[in-house]
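Computed from the coordinates by the stated procedures, all read-outs in this text should not be read as laboratory data. Bear in mind that the values here come from a model prediction, so they are computed numbers and not experimental data. Ideal geometry is used to build each Cβ from the backbone, glycine not excepted, and the neighbour counts take in all protein chains shown.
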Amino acid sequence: MSPIRFVIHAAAIACLVPATAAPLPNILLIYADDLGYGDCGAYGGTHIPTPNIDRIAREGLRFTNGYAAAATCTPSRYALFTGEYAWRQEGTGILPGDARLIIRPGRTTLPSIFQRAGYRTGIVGKWHLGLGSGKIDWNGEIRPGPLEVGFDESFIMAATGDRVPCVYVRGHRVEGQDPADPITVSYGKPVGNLPTGKGNPELLRMRPSHGHDMSIVNGISRIGTMDGGGGAMWKDEEMADRFTQEAVGFLERNATKPFFLHVALHDPHVPRVPHPRFVGRTKLGPRGDVIVQADWCVGELLATLDRLSLTANTLVLLSSDNGPVLDDGYADGAVEKLGGHRPAGSLRGGKYSKFEGGTRVPFMVRWPARIKPGVSDAIVSQVDFPATFAALTGQALDPAEAPDSRDVLPAILGESPAGRQEVVLQGNGLALRAGRWKYIMPAKGPKTSVSTGTELGNDPGPQLYDLESDSGETRNLAEVHPGRVREMQERLDGIRRGDVHEGDDR
Ligand code: NG6
Ligand code: CA
């Protein structure tokens, strides 16, 4: 039985919050791209200095079982914003840079939930959920986009650093676009006269290892081709500074009202191009150096909160959209220079994988006015953000609004050791975690990705792991516990069909 739910409109909220209650916190959601469970010091990493990320963990609550909904970017972000697992909808896999928006304007989203509660909302950084509703005119109005699904302000890159167009979009327009140099983008037949990685490899400063051999922008070849936009192109080495500057500006402008700021960092996604001041800061090459850069960004944001006296009543949440990967398409030394560093910590697999390394990610929350520092083993997923932050802001959601999202607020606040009982994890195929048990559906496909070298979690038979005694998923117990395998497969089938709801009595 689901609990009785009802929708409260913004105007009613003020009446619900007793006058004596602490004011609603500001929310700063920092979201790294491909940062692994073992990459930062807070999770035991010793090879990459991450003092600012570690500060959040030290002053807040660090989760050991915090999940991204999927092992790649687009489906994770889709779930985070909508509270619906991406695998329920077609077309929610990794999107090209010219894809149409995959979130229906007007639907309830994490930012629109904050808007309803009277917050000012903003996004800075990676989007990767598509823009527009058909063919995008990069020289005109680009809509719908973030502004149509809940954000008041938006400064984004459309997709990823390794995909064209290599430009920023502010609101509905490409930043710095010159009408005399119109932008065209294609993921099909090549457009424009830019040299390509394939045709002119001598022009590259970073060689692709798989794919990524089309238009060369800033000395790096990308996925897709583009033409025009000369003055609007980003410089990869300045991107972290650029996003940080935009985010700091948002905080300064909105310091006196409740705000929700989503800072979606590009690092440590490929292409990994640190600003010169971070080059060589680790022995791991660009991948280590851009994690130091990401940590610097986090430090700037925390320092801004300190300077604006916002620290005590701002809930800072830091996580990552999927697990780590070394060679993700550029020969940048990530594999060769890894040394003893373990990007996924003790977990197996990484980005793209159904093993834990694909989706279990750094996940930490700091809110000095309310959350006691510590460590939580509660199972929580980013798909829970809509329901959880609706609860925090005194709103109840209709079940259809964020169907897979669960209110795990007591766990997030450290008031309960329990989060979810179970969670669905998406790699190439699905897995179900229920308490200590992890079940991975049988799947065809290679065990290890030829290009990235990641163990994907594919196996023609069922897999069952006891994460409590075997967090590295080394012993498949499916044959030892056939009943449990059957039960978990049925449970997962029911969740997929929609007639079983996670968290309902088993
Ligand atoms: C893959 C790309 C990879 C990365 C990924 C998206 C190739 C060979 N690989 O298709 O480099 O861009 O998509 O990453 O092109 S994500 O973090 O945004 O999901
Ligand atoms: Ca990612």
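Points worth noting:
- Each residue of segment 62-67 was assigned a 3J(HN,Hα) from its phi angle through the Karplus curve 6.51 cos²θ - 1.76 cosθ + 1.60 (θ = phi - 60°); the sequence is 9, 9, 8, 10, x, 10 Hz, with glycine and proline shown as x.
- Cα centroid separation, segment 120-164 to segment 202-219: 25 Å.
- Only Lys, Arg (+1) and Asp, Glu (-1) charged, at Cβ; the chain dipole about Cα centre in debye: 240 debye
- Judged by the gyration tensor of its Cα atoms, with axes a ≥ b ≥ c, segment 325-459 is prolate; a/c meets the 1.5 cut and a/b is the larger of a/b and b/c.
- Normalised by residue number, the volume inside the convex hull of the Cα atoms of segment 184-227 is 59 Å³ per residue.
- Taking Cα centre as origin and charging only the Cβ of basic (Lys, Arg, +1) and acidic (Asp, Glu, -1) residues, the dipole magnitude of segment 423-497 rounds to 240 debye.
- Cα-based shape type of segment 441-498, given that a ≥ b ≥ c are square roots of the gyration tensor eigenvalues and the cut on a/c is 1.5: oblate
- Convex hull (Cα only) mean projected area of segment 263-340, reported in nm² to one decimal: 6.1 nm²
- Projected over every direction and averaged, the convex hull enclosing the alpha-carbon atoms of the chain yields 22.6 nm².
- Long hydrophobic helices in the chain, taken as whole DSSP H segments with a C-alpha length of 30 Å or more on their own axis and mean Kyte-Doolittle hydropathy at least 0.0: 286-307.
- Alpha-carbon centroids, segment 369-406 and segment 244-294: separation in whole Å: 26 Å
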